[in-house]
Amino acid sequence: MVVGCSGLVRQVQFFDGYSGDAISMIDEVTPAQRGVQEIAHIADDEFLAVSASGCHTFTLQGDVSVWPDSETWFDDAYEPQSGRDGFVWVGTYGPGGAAKILRLDTSTRSVDHSEPFGRDVDYVRRLAISSRRVWGGTGSVNPRLVAVDRDTLKTVVDVPLPQARGHGTVYWIRAWDDVVAAGYRGEDGKNRTAIYDIASEQFTILTESAYYALFERVGDSFFFYDSRGLVGFQRSNMKTRVIQAKEGSLVFPVWADLEGDRLLDQLTALYTTADESRYILRTDHLVGHPLFGIETEVTLETTAQKIQTIFADSLGRVYAAGYLGESMAIMHANLDESEEVSHGDAIRQVESIIELDDEIIVASYPGARIARLDKTTLELISTTVLEPKYGQSRPFAMTADAGSVYVASVPSQGLQGGGVVKLNRSDGSVESAWEHVVHDQSVVGIALYGAKLVVTTSQRNAYGAEFSSRPARVLLIDFRTREIEWEIEVPEVGEINSPIVLGTIIYASHANGLVQIEGRTGKHVRTFRLHGSRTSRGYRTTRIAYHRPSKSMIHCSGGQVTAVHIQSRHATRLAEGGYSYPIVSPLGDVFAIRDGTTVVKLHRPSF
């Protein structure tokens, strides 16, 4: 439900919050000539309107009642704020320094007054509430920042805003227990944004003024819009960085809201063009916090060119395999020792690794070789070559059921469309192959969904082939009957990777976030958009891994690793700058590759 009013009329209208359709209207809430000025929500279906005629309560059912004698409490009132204690706080107009902050008791419909602020404060126009104080921004001559104690209503802060001498006004104010932020017009007519540290009683003026649409705090960081776009400011080091640059003609956020209280949260914003001819409402899952921790690292000198695939088994070992290499490095879980394992042509450029019972299955390129290793000794048991006979090239992903191993791959050169090969689990022999599952794209991800398979694709086809004109997609296939149950395209996405099934829900990764799909119907449920990642149509541009202890997906693309909680949708960044291929060990440790040369152990996410 959305409740709206205009300062020029006496009406209040109710709108459906999803469709925007008008539901009902109250013709007259107040007899004031200037109409309903401000509204506060005070109960489930009850609202408070303040105007020059006092206080009026109205309900969704259309009932209106006036607070007795409230027309004598103020000449005008501004920005009512509902506190958790049942009070509503308002700032008032009072010419000649008589402006106050009022505490309205919604249960008794009574009022308590602060002392007048004086000093030519004609009105307190903007309010914000912290746990112990109510803060106000004044207007008219020499704008000030004031605060009263919530219990006693005594003035505890009254300071002039910096660079704001002369006539000015406070546009917005936000308050926490340790800092207060305010946006106001400065002495030169330009807008200012200042952050006031309560303990030191010092102001910090931001280099660019923030728009009033959003100023939110998350941890020690602040998020706001300025002329550059969406910006993050970290108070501890006084640094700012652009999280989301201003996009084309959508130059101004009319309204925005940042939900949650974790490091990284969900932003919903309404943007408009310069001429206000077009509006767009968008929800994003922000990645804006720059801090992360690395516990231990090790550099692998023996791996050819770069590390591209890592894996952790149930024995506490971490495997690292190189691009154009012919071996794997095996490390302890704390990464303090390593040894090299080589089996000639059986292990070349490793694309994927899985663990099955007492074996480690390694898939590598060229030849689409599937090598079975003894898990304890890492001795080679058998090798199966899938190229060229079965149309496989780079076996990017594998999964297994009770009797079979399924391999998903890029098609061989000259072919169109990736496929899936089914191997016998006991001896590694090929049982059957489904070539060209997707006729114009590569299959780069695979997972079990009951007796069926979920596969994901990349627009990049075989080497030398043209890129697909259609976006990457997710499909549910029946390998036995060679039928596609459903498929869903994700617009403007070049690759979808590493599908993960939790119950009936399918999660998959793309370069700008996660997609969540209802597995039975193929219906798109939700997209988690993670800023700072990139868009690419290649292979292995993105990956997710499930971290069961924290119930979060570990997402990676564009060099950054982010944990996204699948229930609350909160997120936290684990690493930034040159990172790829995150994995989660059976013990819950998170590992990733850095700069193609180093395996690192990241801090576990915590929600």
In Å², and per residue, what accessible area does the stretch 398-490 have when probed at 1.4 Å with the other protein chains present? 38 Å²
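Within the stretch 428-508, list the GluC sites (Glu not before Pro) lying in a DSSP loop whose Cβ has at most 15 other Cβ atoms in a 10 Å radius. Mind showing how you got there, number by number?
Working: sites: 431, 435, 466, 483, 485, 487, 489, 492, 495; in loops: 435, 466, 492.
When the GluC sites (Glu not before Pro) of the stretch 428-508 are filtered for loop state and at most 15 Cβ neighbours within 10 Å, 466, 492 remain.
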Please compute, for the alpha-carbon atoms of the chain, the extent along each of the three principal axes and give them in descending order in Å. 91, 50, 42
For the stretch 561-607, convex hull volume per residue from C-alpha positions, Å³: 74 Å³
Tell me whether the stretch 390-432 comes out rounded, prolate or oblate; compute the Cα gyration tensor, take square roots of the eigenvalues as a ≥ b ≥ c, and use a/c under 1.5 as the rounded threshold. prolate
Distance (nanometres) between label positions extended 7 Å along Cα→Cβ at residue 426 and residue 45: 6.8 nm
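Just to confirm a number: summing +1 for Lys and Arg and -1 for Asp and Glu over residues other than residue 440 whose beta-carbon lies under 11 angstrom from that of residue 440, what do you get? The partial results should precede the final answer.
Details: positive: 460, 470, 473; negative: 466.
Neighbourhood net charge equals +2.
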Going by amide H atoms built from the backbone, whose H comes under 5 Å of the H on residue 356, apart from near neighbours? 361
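Taking only protein heavy atoms into account and a 1.4 Å probe, give the accessible area per residue of the stretch 47-175 in Å².
Per-residue accessible area for the stretch 47-175 comes out at 41 Å².
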Hey, what do the phi angles of the stretch 395-409 turn into as Karplus ³J(HN,Hα) couplings, whole Hz, using 6.51/-1.76/1.60 and θ = phi - 60°, x for Gly and Pro? x, 6, 8, 9, 8, 8, 10, 4, x, 9, 10, 10, 10, 9, 8
Which of 206, 504, 113, positive extreme of dipole for the chain (C-beta unit charges): 206
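Show me the trypsin sites (Lys or Arg not before Pro) within the stretch 352-422 that DSSP assigns to loop and that have at most 14 other Cβ atoms within 10 Å of their Cβ.
Working: sites: 369, 372, 375, 389, 422; in loops: 375, 389.
Taking the stretch 352-422 and a limit of 14 other Cβ atoms within 10 Å, the loop trypsin sites (Lys or Arg not before Pro) found are 389.
With +1 on the Cβ of every Lys and Arg and -1 on the Cβ of every Asp and Glu, and nothing else charged, how large is the dipole of the chain about its Cα centre, in debye rounded to the nearest 20?
Working: 59 positive and 76 negative charges, 182 e Å.
For this selection, approximately 880 debye.
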Quick one: what are the phi-derived ³J(HN,Hα) couplings along the stretch 364-376, Karplus 6.51/-1.76/1.60 with θ = phi - 60°, whole Hz, x for glycine and proline? 9, 10, x, x, 6, 7, 10, 9, 9, 10, 5, 5, 7
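I need the peptides 59-69, 128-138 ranked by packing, meaning the mean over residues of other C-beta atoms within 10 angstrom, with the highest value on top. Could you put the intermediate results ahead of the total?
Details: 59-69: 13.3, 128-138: 21.8.
Highest-to-lowest ranking by the protection proxy: 128-138, 59-69.
Please go through the residue pairs 389/452; 154/190; 452/523 and name each one whose alpha carbons sit more than 26 Å apart in this structure.
Values: 389/452 24 Å; 154/190 32 Å; 452/523 17 Å.
As for pairs spanning more than 26 Å Cα to Cα, those are 154/190.
Could you work out the mean projected area of the convex hull around the alpha carbons of the stretch 398-554, in square nanometres to one decimal? All intermediate terms of the calculation are to be shown ahead of the outcome.
Working: hull surface 37.8 nm².
With every direction weighted equally, the projected area is 9.5 nm².
Report, to the nearest whole %, how much of the accessible area of the stretch 497-607 belongs to carbon and sulfur atoms, 1.4 Å probe, protein only. Write down the numbers at each step before the final one.
On the way: 1760 of 3870 Å².
On the stretch 497-607, the fraction of accessible area on carbon and sulfur atoms equals 45 percent.
The values are calculated or read from the model by the stated rules, or taken from the named source; none is laboratory data. Note that the structure is predicted; figures quoted are calculated from it, not measured. Positions of Cβ are generated from backbone atoms using ideal geometry, with glycine treated the same way; all protein chains shown enter the neighbour counts. Protein only, heavy atoms only, side chains kept; ligands, DNA and RNA dropped before computing areas. Shrake-Rupley method; radii C 1.70, N 1.55, O 1.52, S 1.80 Å.
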